[in-house]
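Step one of this worksheet: look at the structure below.
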Amino acid sequence: MKLFELVGCDKDNGFSPFVWRTKLALAHKGLEAELVPLHFSEIRNTLEFSGSKTVPVLEDGDNVISDSWDIACYLEENYSDKPSLFGGDAAKVGLNLLSLQIGKSLLMPLFKTIAADIHDVLHDMDKDYFRKSREQRIGCSIEEAAEDFKTPLKLFKGNLWPYSQHLKSEDFLAGAAPAYSDYMLYSTFLWARGSSMKKIVDDNDPLVDWLSRMDQLFGGLGGQVKYIG
Ligand SMILES: N[C@@H](CCC(=O)N[C@@H](CS)C(=O)NCC(=O)O)C(=O)O
């Protein structure tokens, strides 16, 4: 199996939140994939064979699957003898909704919070492309985003509330054991951790203990991602 991922200057630091979802899903299933690191500028050409303009893309024998959600569904269906990622069809429908909620209420404000930091960790060849494409998305320049990160960070933190509340009574979002819902949220934090020094969770938040439980999974797969500096 091969997994195509996005990296910055450091080829060992794949920070895409969507690729993290796939890495964690593979680990949950006990599957290993060879990682193919790509810079933003290499994605389109390299992945032409897949029809995708974004990572993750997973190559599994003759099967080529793109989009983290489609990959998760593929793994669940084709590796059904391995531990379930979703916990049944009803839970799967809810996960699609959760993905949309995380996208709108967490990934969007967090992106604005860390956009300038991501720009800093990119390879020089990617910086112009990132600036042109992402400034449109965040509605301001990278420099303005660097200056005014506190407003989107406050929004991000406020939107963490339902997850924090849930984790007061549950070890994981999925209950007693982690599953894809946990990976969707956790990958959001790994994205920030691999690209930014900003502290995005308060010390007394129940998410802190959950993060430390998540960090220990799969031999410390996510826990190895250190705050960069
Ligand atoms: N919905 C897609 C989103 C994937 C995505 O946006 N990937 C970004 C990296 S985080 C990408 O490859 N962007 C390429 C580009 O912007 O040129 C998924 O879940 O896989």
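Criterion first (surrounded by 18 or more Cβ atoms within 10 Å (Cβ to Cβ) and not assigned by TED's automatic domain parsing to the domain that holds LEU31) does SER169 satisfy it? Can you show your working first?
Numbers: surrounded by 18 or more Cβ atoms within 10 Å (Cβ to Cβ): no; not assigned by TED's automatic domain parsing to the domain that holds LEU31: yes.
So SER169 fails the test.
Looking at (1) more than 21 Å from GLY14 (Cα to Cα); (2) free of Cβ contacts under 8 Å to residues at least 12 places away in the same chain; (3) part of a helix (DSSP H, G or I); (4) of a type outside the set (Asp, Glu), can you tell me which one SER80 breaks?
(3)
I'm trying to understand the selection: among the residues of the stretch 102-151, which are more than 13 Å from the ligand (Cβ to nearest atom), among the polar types (S, T, N, Q) and part of a helix (DSSP H, G or I)?
Across the stretch 102-151, the qualifying residues are SER105, THR113, THR151.
Which of the following residues is out of contact with any strand residue (DSSP E or B) (no Cβ under 7 Å at 6 or more places or on another chain), more than 30 Å from LEU155 (Cα to Cα) and surrounded by 13 or more Cβ atoms within 10 Å (Cβ to Cβ): ASP81, ASP70, ASP60? Spell out the reasoning first.
On the way: ASP81 fails: surrounded by 13 or more Cβ atoms within 10 Å (Cβ to Cβ); ASP70 fails: more than 30 Å from LEU155 (Cα to Cα).
Selected residue: ASP60, the only one of ASP81, ASP70, ASP60 that is out of contact with any strand residue (DSSP E or B) (no Cβ under 7 Å at 6 or more places or on another chain), more than 30 Å from LEU155 (Cα to Cα) and surrounded by 13 or more Cβ atoms within 10 Å (Cβ to Cβ).
Taking the condition within 11 Å of the ligand (Cβ to nearest atom), over 16 Å from GLU5 (Cβ atoms) and in contact with a helix residue (DSSP H, G or I) (Cβ under 8 Å, 6 or more places away or on another chain), does SER99 pass? Steps first, please.
Values: within 11 Å of the ligand (Cβ to nearest atom): yes; over 16 Å from GLU5 (Cβ atoms): yes; in contact with a helix residue (DSSP H, G or I) (Cβ under 8 Å, 6 or more places away or on another chain): yes.
Yes; evaluated as a whole, the condition is true for this residue.
Only residues that are outside any loop (DSSP other than H, G, I, E, B), among the charged types (D, E, K, R) and under 16 Å from the mean Cα position of the chain (by Cα): list them for the stretch 54-77, please. First the steps, then the outcome.
Going residue by residue through the stretch 54-77, those that are outside any loop (DSSP other than H, G, I, E, B) are 57-60, 63-66, 68-77.
Those left that are additionally among the charged types (D, E, K, R): 59-60, 70, 76-77.
Across the stretch 54-77, the qualifying residue is only ASP70.
Please find, within the stretch 1-39, the residue that is farthest from the ligand (Cβ to nearest atom) out of those that are in a strand (DSSP E or B), of a type outside the set (A, V, I, L, M, F, W, C) and under 25 Å from ILE114 (Cα atoms).
Filtering the stretch 1-39 down to residues in a strand (DSSP E or B) leaves 2-7, 14, 34-38.
Restricting the remaining residues to those that are of a type outside the set (A, V, I, L, M, F, W, C) gives 2, 5, 14, 34, 37.
If we keep only those that are under 25 Å from ILE114 (Cα atoms) too, we end up with 5, 14, 37.
Details: GLU5: 9, GLY14: 10, PRO37: 12 Å.
So, considering only residues that are in a strand (DSSP E or B), of a type outside the set (A, V, I, L, M, F, W, C) and under 25 Å from ILE114 (Cα atoms), the one farthest from the ligand (Cβ to nearest atom) is PRO37.
Within the group TRP191, TRP210, which residue is under 20 Å from LEU100 (Cβ atoms) and part of a helix (DSSP H, G or I)?
Numbers: TRP210 fails: under 20 Å from LEU100 (Cβ atoms).
Testing whether each residue is under 20 Å from LEU100 (Cβ atoms) and part of a helix (DSSP H, G or I) leaves just TRP191.
If you scan the stretch 47-66, which residues turn out to be more than 11 Å from the ligand (Cβ to nearest atom) and among the hydroxyl-bearing types (Ser, Thr, Tyr)?
Filtering the stretch 47-66 for residues more than 11 Å from the ligand (Cβ to nearest atom) gives 48-51, 59-64.
Matches in the stretch 47-66: SER50 only.
Kindly establish whether SER196 is surrounded by 22 or more Cβ atoms within 10 Å (Cβ to Cβ) and either in contact (Cβ under 8 Å) with a residue 40 or more places away in the chain or over 29 Å from LEU26 (Cα atoms) (or both). Spell out the reasoning first.
Details: surrounded by 22 or more Cβ atoms within 10 Å (Cβ to Cβ): yes; either in contact (Cβ under 8 Å) with a residue 40 or more places away in the chain or over 29 Å from LEU26 (Cα atoms) (or both): yes.
Yes.
Give the number of residues within the stretch 84-105 that are basic (Lys, Arg) and loosely packed, with under 12 Cβ neighbours inside 10 Å.
Taking the stretch 84-105 and keeping what is basic (Lys, Arg), we get 92, 104.
This time we only want the ones that are loosely packed, with under 12 Cβ neighbours inside 10 Å, so: 104.
Here the count works out to 1.
Here is a list: SER181, SER187. Which entry is at negative phi, within 14 Å of the ligand (Cβ to nearest atom) and polar (S, T, N, Q)?
Numbers: SER181 fails: within 14 Å of the ligand (Cβ to nearest atom).
That would be SER187, the only listed residue that is at negative phi, within 14 Å of the ligand (Cβ to nearest atom) and polar (S, T, N, Q).
The values are calculated or read from the model by the stated rules, or taken from the named source; none is laboratory data. Bear in mind the structure is a predicted one, so any value in this text is a computation, not a measurement. Note: ideal-geometry Cβ built from the backbone for every residue, glycine included; neighbour counts use all protein chains shown.
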